[in-house]
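Here the structure is laid out as structure tokens; the discussion comes afterwards.
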Amino acid sequence: MKNNVIILGSTGSIGVNTLEVLSIHKELFEVFALAANSSVDSLLEQCKKFKPKYAHINKEEDAKFLTTSLKKFKIKTEILFGKDTLNKLVSLEEVDTVVCAISGSAGLESSLNAVQSGKKILLANKESLVMCGSLFMDLAEEYNSIILPVDSEHNALHQCFASNSTKSIEKIILTASGGPFLESNINELKNVTPEQALNHPTWSMGKKISIDSATMMNKGLEIIEAMYLFKLEISQIDTLIHPQSLIHSMVCYKDGSVIMQASKNDMKIPISYCLGWPKRISSGIEPIDLTKQSSLNFFEVSKDKFPCFYLAKQVGAEGESFPTAMNAANEIAVQAFLEEKIKFTDIFKIIFEVLEKHHKKKLSSVEDVYEVDKKSRENAIKQIKKIN
Ligand code: NAD
Ligand code: MG
């Protein structure tokens, strides 16, 4: 029997890479359903090529357009729209694997739904764990849902853990490319444009994560992601800048051994690892040729240049509602920067101000998470108005 896969966020960078891997394993997987926000044209092309049983888009008018267009090509994909329908789709019995590749907090609801339906989850949406880490992992255990991390660092760690007990871990080290401003002078950062910030040196990704990489908030989010995912203390998680993005993360064991995962920096590798797990399937990507690799460098993250990273570490140590609040403020600030309403360096200021005013709260339910998220967004908007 083929494994039925649904891709949430199929038109994004992770979604497209997943479809590429699936297309080389047609005998193993069925593209059962695709879901996107508003990229109608891309979703239409994907339906024509993969002929899923269902496709989901948020707005009714987009759904109508898709239905009419697909009729012309005699493609029988059923087009759905609306939030509740997406949740129903994710929890259908026929669905085996859910790829959670929606970007930002918009991905939380469907990720939670997949967990509560006991599916195998390929989790790219790190924000689900940053916003709701403990609850999310508890639900996964309760509903026997397998969570496999797509995020390359966490995927590398999952691979490193494979043959060793997590009990003997001393610490883990997440590697970071350092983003587009690694070599920039700190005084230049104030005036960088969204275009410059989106120009990542080693990875091609969606807009939100690309800006997060430029501020290095992405690595901060990933530390929190790792803390919840692997049940570690923040003090056990280190970060090293490694500009070549060849080693994707490492685990240091009690006996002094360090296990690392290395591969070309192509997301099809972690995606195929998760799809095939516990077996290994081809990703279509060549292995690295070490004879062509001149040198590998590793160094610490600059405190002055990347304050968002250090702020996120503190937030992770605080725990409870702090990561949720930080995630919300970050999303609002990143969007404002992309819309050229604030400067690049204001992103940190806005998040910092929101967190200064935040009162720590225990998150006992998903409703608590959404409440903190909403309030922190409102506060971030207020801070942006103050700047302008
Ligand atoms: P992207 O912006 O390229 O794609 C986002 C996808 O989500 C699109 O298909 C979009 O249509 C969909 N989407 C957005 N809002 C939605 C909504 N409200 N409802 C339904 N669909 C919605 O983003 P990406 O780079 O593919 O990243 C996706 C996730 O994976 C993010 O959480 C990111 O942090 C994580 N991630 C990405 C990479 C990467 O290499 N791109 C690496 C590691 C982790
Ligand atoms: Mg990553």
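The values are calculated or read from the model by the stated rules, or taken from the named source; none is laboratory data. Everything numeric in this text was worked out from a predicted model, so none of it was measured. For neighbour counting, all protein chains shown are included, and Cβ atoms are generated from backbone atoms with ideal geometry for every residue, glycine included. When the accessible area is computed, the model is the full protein with side chains, heavy atoms only, and any ligands, DNA or RNA have been set aside. Shrake-Rupley method; radii C 1.70, N 1.55, O 1.52, S 1.80 Å.
In the stretch 1-94, counting only helices (runs of 4 or more DSSP H) that sit wholly within it, the ones holding 1 or more residues that are under 22 Å from the mean Cα position of the chain (by Cα) span 13-23, 40-50, 83-90.
Of all residues in the stretch 233-257, those being within 25 Å of A329 (Cα to Cα) and not in a strand (DSSP E or B) number 3. Can you find a residue in the stretch 250-268 that is farther than 27 Å from A317 by Cβ, of a type in the set (A, V, I, L, M, F, W, C) and at pLDDT 95 or above? Yes, because at least one residue in the stretch 250-268 is farther than 27 Å from A317 by Cβ, of a type in the set (A, V, I, L, M, F, W, C) and at pLDDT 95 or above. Of everything in the stretch 217-253 that is in contact with a Gly (Cβ under 6 Å, 6 or more places away or on another chain) and open to solvent by less than 10 Å² (accessible area, probe 1.4 Å), the residue that is farthest from ligand 1 (Cβ to nearest atom) is I241.
To keep it simple, each residue is scored yes or no on (1) surrounded by 16 or more Cβ atoms within 10 Å (Cβ to Cβ); (2) outside the structural domain of I209 (by TED's automatic domain parsing).
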{"site": "S294", "(1), (2)": "no, no"}
{"site": "F309", "(1), (2)": "yes, no"}
{"site": "E331", "(1), (2)": "yes, yes"}
{"site": "E340", "(1), (2)": "no, yes"}
{"site": "E356", "(1), (2)": "no, yes"}
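Among the residues making up the stretch 172-207, those that are outside any loop (DSSP other than H, G, I, E, B) and open to solvent by less than 70 Å² (accessible area, probe 1.4 Å) are I172, I173, L174, T175, A176, L189, P194, A197.
Tallying residues that are near ligand 1 (Cβ under 10 Å from one of its atoms) and within 15 Å of T97 (Cα to Cα) within the stretch 126-161 yields 2. Of everything listed in (1) in contact (Cβ under 8 Å) with a residue 12 or more places away in the chain; (2) more than 25 Å from S272 (Cα to Cα); (3) of a type outside the set (G, A, S); (4) more than 15 Å from ligand 1 (Cβ to nearest atom), the single unmet condition for K74 is (1).
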